[in-house]
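The values are calculated or read from the model by the stated rules, or taken from the named source; none is laboratory data. Because the structure is predicted, anything quoted here is derived from the model rather than measured. Here Cβ is always computed from backbone atoms with ideal geometry, including for glycine, and neighbour counts include all displayed protein chains. Note: accessible area is taken over every heavy atom of the protein model, side chains too, but ligands, DNA and RNA are not part of it. Shrake-Rupley method; radii C 1.70, N 1.55, O 1.52, S 1.80 Å.
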Amino acid sequence: MEPWRPSPRNPMDRIDPNTFRFHFPNLLYASGRKLCYLCFQVETEDYFSYNDSERGVFRNKVHPWARCHAEQCFLSWFRDQYPYRDEYYNVTWFLSWSPCPTCAEEVVEFLEEYRNLTLSIFTSRLYYFWDPNYQEGLCKLWDAGVQLDIMSCDDFEYCWDNFVYNKGMRFQRRNLLKDYDFLAAELQEILR
């Protein structure tokens, strides 16, 4: 019997404003927020500049018999959509939670497959940042060349404009940056 693998699925175009406000604030302790959202942008290089851009949102899937984290959903989808490993890609993720150690390892392996891909990850919160295994996962990503940062006000506004069904509502900070300073300092300390 073949092991279970996440099946690629189409990403969502955007998420609801209340979902964004609930799942994305920079919080040190975020009780009740068990889902992870991954907003992505993929740019392909056309000779001297990045032209084509594709955007979407993945959410972790929970099956009775297997889980598929948002990062795994993206990796599976990307391999289906972009099978050519010699092309140049610029990928940006905005995550509601930083990757777990397993996902970090899978991302590093993915980057070994796609050597011409640059990945930037902006995360709202650090998942189990006190746990050495989670710290090691972030360090592995950093060592593999992934740009890692905590989401800033500009990042939240970019997400609001590009990944949220905002119905023309203007972006408002509304406590999104509550623990930004602490999380940014903690991430820098982990990556030292």
Residues located in the stretch 80-113, provided they are closer than 24 Å to Thr44 by Cα and either open to solvent by 70 Å² or more (accessible area, probe 1.4 Å) or of a type in the set (Gly, Ala, Ser) (or both): Asp80, Gln81, Tyr84, Arg85, Asp86, Glu87, Tyr88, Ala104, Glu109, Glu112
Test set (1) part of a loop (DSSP other than H, G, I, E, B); (2) out of contact with any His (no Cβ under 9 Å at 6 or more places or on another chain); (3) at pLDDT below 85; (4) open to solvent by less than 70 Å² (accessible area, probe 1.4 Å) - Leu27 fails condition number: (3)
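Yes or no, residue by residue, for (1) closer than 23 Å to Phe129 by Cβ; (2) without any contact (Cβ under 8 Å) to a residue 60 or more places away in the chain; (3) out of contact with any His (no Cβ under 6 Å at 6 or more places or on another chain):
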{"site": "Ala70", "(1), (2), (3)": "yes, yes, yes"}
{"site": "Arg85", "(1), (2), (3)": "no, yes, yes"}
{"site": "Tyr88", "(1), (2), (3)": "no, yes, yes"}
{"site": "Ser96", "(1), (2), (3)": "yes, no, no"}
{"site": "Glu105", "(1), (2), (3)": "yes, yes, yes"}
Residue in the stretch 161-183 that is among the β-branched types (Val, Ile, Thr), closer than 25 Å to Glu54 by Cβ and part of a loop (DSSP other than H, G, I, E, B) present: no
Conditions (1) modelled with pLDDT under 80; (2) over 13 Å from Arg59 (Cα atoms): number failed by Pro8: (2)
Residue within the stretch 160-178 that is under 22 Å from Val42 (Cβ atoms) and open to solvent by 90 Å² or more (accessible area, probe 1.4 Å) present: yes
All positions within the stretch 126-143 that are part of a loop (DSSP other than H, G, I, E, B), touching a helix residue (DSSP H, G or I) at 6+ places or on another chain (Cβ under 8 Å) and surrounded by fewer than 16 Cβ atoms within 10 Å (Cβ to Cβ): Tyr128
Selection from the stretch 156-192 of residues that are free of Cβ contacts under 8 Å to residues at least 12 places away in the same chain and aliphatic (A, V, I, L, M): Ala185
Qualifying residue in the stretch 88-95 (condition: farther than 23 Å from Ile15 by Cβ and out of contact with any Leu (no Cβ under 7 Å at 6 or more places or on another chain)): yes
